[in-house]
1. Please pick out the residue among A:72, A:45 that is modelled with pLDDT of 85 or more, more than 14 Å from chain B (Cβ to nearest Cβ) and more than 22 Å from residue A:160 (Cα to Cα).
2. Consider only pairs whose beta carbons are under 8 Å apart and that are at least six residues apart or on different chains; among these, list those whose first residue lies in the stretch A:12-31 and is within 8 Å of chain B (Cβ to nearest Cβ) and among the β-branched types (Val, Ile, Thr) and whose second residue is surrounded by 15 or more Cβ atoms within 10 Å (Cβ to Cβ) and outside any helix (DSSP H, G or I).
3. For a quick check of your reading of the model, give me the residue pairs whose first member lies in the stretch A:111-132 and is among the polar types (S, T, N, Q), whose second is not in a helix (DSSP H, G or I), with beta-carbon atoms closer than 7 Å and at least 6 apart or on different chains.
4. Name the helices (runs of 4 or more DSSP H) wholly inside the stretch A:93-162 in which the number of residues that are more than 19 Å from residue A:54 (Cα to Cα) is 2 or more.
5. Between B:90, B:26, which is within 18 Å of residue A:14 (Cβ to Cβ) and acidic (Asp, Glu)?
6. For the stretch B:9-51, enumerate the residues that are closer than 20 Å to residue B:76 by Cα, of a type outside the set (Val, Ile, Thr), at the interface with another protein chain (Cβ under 9 Å from one of its Cβ atoms) and without any contact (Cβ under 8 Å) to a residue 12 or more places away in the chain.
7. Would you call residue B:5 out of contact with any Ser or Thr (no Cβ under 6 Å at 6 or more places or on another chain), part of a helix (DSSP H, G or I) and surrounded by 15 or more Cβ atoms within 10 Å (Cβ to Cβ)?
8. Would you mind listing the strands (runs of 3 or more DSSP E) fully within the stretch B:14-73 where at least 2 residues are touching a Gly at 6+ places or on another chain (Cβ under 7 Å)?
Amino acid sequence: MDITPTPNEADDALRQIRHQQAESVRNAYKPGPWWSHLVLTGFFVSYGLGQDLRSLWGNLFQFVGLLILAGVAWVQWRRRQVKRSLSSSFRLNDPAILAVVIGFTAATLAVLFGGPHLLAPLGVPFPHAISGLATGLLLILAIPLGHWSSRRSAARIESGEQ
Amino acid sequence: MTAQLDAVIHPPTRLSIMALLATADEADFAFVRDSVGVSDSVLSKHGSALEAAGYVEIRKGHVGKRPRTWFRLTPSGRRAFAGHVKALQEIVGKAANLPELRG
């Protein structure tokens, strides 16, 4: 049986593919619940306090931080089981999105690891905890970036750019 | 080399399923069903046909006590889909280059 479509049918099929993929990318993006960002901020601050205090309290804060992290990992694993996951080739084949992701990750790591070295010589108390708080706030700022990258990917797919 | 149309993924529903899965590492049954807009039985039927062709891997498991099914494209499924899309593009491209169709 010959399945060769006419050019119009082929064009319709390609449009259907692009529409399906754009919808899929749009629907696949679901930001985590608002409290997950607070929990992660709590981890960074708690772990930072543990570094700053260096006492029994410090150990306790670090332990709480690790407990929070384990809880977040478990919740993420559960969510991974019920959600669809976007292919990394679709996430990262846009140079603009890639640049923003790399830039933002670098900035976050710089604040997390470089912040205490910058704050401590200035005599700022709790430099690790403050850097942890700043890191948590940066992650909250990343929420609109997730929406933006999802919308951009969908638009690129529908226009045939991707 | 001319790309080949694939009879297994040519029907519109299967093409939609393959297109959706091409964007995903893995997608659950409900997401595919709702996105493609088909019933459970239609998705099961086409999913099984794609699995039999070696294009889709179907994984069954549980989340809590609820049974779930996940779909993912196999490497040969990705190749077949890419080849099918390329063949469609070639058909459209050839038509666009015909002098009588050019503006």
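1. A:45
2. A:25/A:86; A:25/B:23
3. Every condition considered, no pair remains.
4. A:95-109, A:127-158
5. Values: B:26 fails: within 18 Å of residue A:14 (Cβ to Cβ).
Sole residue among the options that is within 18 Å of residue A:14 (Cβ to Cβ) and acidic (Asp, Glu): B:90.
6. Answer for the stretch B:9-51, where residues must be closer than 20 Å to residue B:76 by Cα, of a type outside the set (Val, Ile, Thr), at the interface with another protein chain (Cβ under 9 Å from one of its Cβ atoms) and without any contact (Cβ under 8 Å) to a residue 12 or more places away in the chain: just B:12.
7. For residue B:5, the condition - out of contact with any Ser or Thr (no Cβ under 6 Å at 6 or more places or on another chain), part of a helix (DSSP H, G or I) and surrounded by 15 or more Cβ atoms within 10 Å (Cβ to Cβ) - is not met.
8. B:56-63, B:66-73
The values are calculated or read from the model by the stated rules, or taken from the named source; none is laboratory data. None of the values given here were measured: they were computed from a predicted structure. Here Cβ is always computed from backbone atoms with ideal geometry, including for glycine, and neighbour counts include all displayed protein chains.
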